[in-house]
1. Any residue in the stretch 83-98 that is assigned to a helix (DSSP H, G or I) and among the β-branched types (Val, Ile, Thr)?
2. Does the stretch 73-89 contain at least one residue that is closer than 27 Å to Leu40 by Cβ, surrounded by fewer than 17 Cβ atoms within 10 Å (Cβ to Cβ) and not β-branched (Val, Ile, Thr)?
3. Quick check, is Gly73 among the small types (Gly, Ala, Ser), modelled with pLDDT under 90, in contact with a helix residue (DSSP H, G or I) (Cβ under 7 Å, 6 or more places away or on another chain) and in a helix (DSSP H, G or I)?
4. Applying the selection to the stretch 169-198, what residues are at pLDDT below 65 and among the acidic types (Asp, Glu)?
5. When the stretch 57-72 is examined, which residues are found to be closer than 18 Å to Thr189 by Cβ and surrounded by fewer than 19 Cβ atoms within 10 Å (Cβ to Cβ)?
6. Which one is nearest to Leu98 (Cα to Cα), of the residues in the stretch 39-56 that are surrounded by fewer than 14 Cβ atoms within 10 Å (Cβ to Cβ) and modelled with pLDDT under 80?
7. Scan the stretch 38-56 and report the pairs whose first residue is touching a residue at least 60 places away in the same chain (Cβ under 8 Å) and whose second residue is surrounded by 11 or more Cβ atoms within 10 Å (Cβ to Cβ) and not in a loop (DSSP other than H, G, I, E, B), with Cβ atoms within less than 9 Å and a gap of 6+ or a chain change.
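The values are calculated or read from the model by the stated rules, or taken from the named source; none is laboratory data. Note that the structure is predicted; figures quoted are calculated from it, not measured. Neighbour counts run over all protein chains shown; Cβ positions are idealised from the backbone, glycine included.
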Amino acid sequence: MRRFWVVGAVIWLVFAPGFAKAADAADVIKNLSHQAIGILNGTPQSSDERKQKLEGLLRDSMDLPFVGRFVLGRYWRQLDSSQKQAYQTAFERYVLRLYAGQLNGYSGESFSVVGSRGIDDQDTVVNSQLVRKDRASVTVDWRVRQTGDSYRIIDVSVEGVSMALTQRQEFASIVQREGIDTLISRLSTPPRDPGPPK
């Protein structure tokens with residue numbers, strides 16, 4: 001009997017921290033979705049008002065400085081301080097406008113977290129589904145990073161396609177052909193609102 005409790009204690013010590021982290025990361029995404037749905041289904045408001053609220057929600061939920069550096073890849077180290085500041089400012093505005101614009105196109109959908117798994121000591125992938133009326137559900141996976149007591153989203157994959165990796169490839173192509181200043185200029189131009197996934 002004593003051996004059983006010793007084995008149980010070892011299993012708990014090894015696996016419980018990861019389980020707790022996964023649960024906390026899932027709670028972050030659940031909370032984010034509830035707030036977003038509250039904004040979208042709240043009292044009558046203009047499209048611009050909804051976008052502003054969604055941008056604020058995303059700003060608080062995402063690690064935008066980290067994502068900005070990641071998607072620029074090796075080119076980040078080649079920038080001087082003024083270029084880094086200009087790029088990060090343009091990137092953050094671009095991402096917030098783009099994602100808020102996409103979210104703003106949804107109405108009447110339901111969102112549910114269906115699972116989560118720890119990737120390493122910092123990162124957890126939270127699996128979710130967006131259920132839409134008369135259309136196929138959309139699978140959305142969120143990569144959430146824990147730093148201390150803080151949890152921030154560092155990537156979103158829609159139907160298996162990583163947004164961060166996609167942007168990294170697109171940005172590298174622009175920088176290689178036309179340079180970093182052209183990329184910053186394009187990021188500063190308001191993105192076309194593609195609406196929700198079809």
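1. yes
2. no
3. Judged against the criteria, Gly73 is not a match.
4. Asp193
5. If the condition is that a residue be closer than 18 Å to Thr189 by Cβ and surrounded by fewer than 19 Cβ atoms within 10 Å (Cβ to Cβ), then no residue fits.
6. Residue satisfying both the conditions and the ranking: Ser47.
7. If the second residue must be surrounded by 11 or more Cβ atoms within 10 Å (Cβ to Cβ) and not in a loop (DSSP other than H, G, I, E, B), the pairs left are Leu40/Arg50; Leu40/Leu54; Leu40/Leu103; Leu40/Asn104.
Residue by residue, here is whether (1) more than 16 Å from Leu57 (Cα to Cα); (2) aliphatic (A, V, I, L, M); (3) in contact with a helix residue (DSSP H, G or I) (Cβ under 9 Å, 6 or more places away or on another chain) holds:
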site: Glu92; (1), (2), (3): no, no, yes
site: Tyr99; (1), (2), (3): no, no, yes
site: Val113; (1), (2), (3): yes, yes, yes
site: Val125; (1), (2), (3): yes, yes, yes
site: Ser128; (1), (2), (3): yes, no, yes
site: Lys133; (1), (2), (3): yes, no, no
site: Ser137; (1), (2), (3): yes, no, no
site: Trp142; (1), (2), (3): no, no, yes
site: Arg145; (1), (2), (3): yes, no, yes
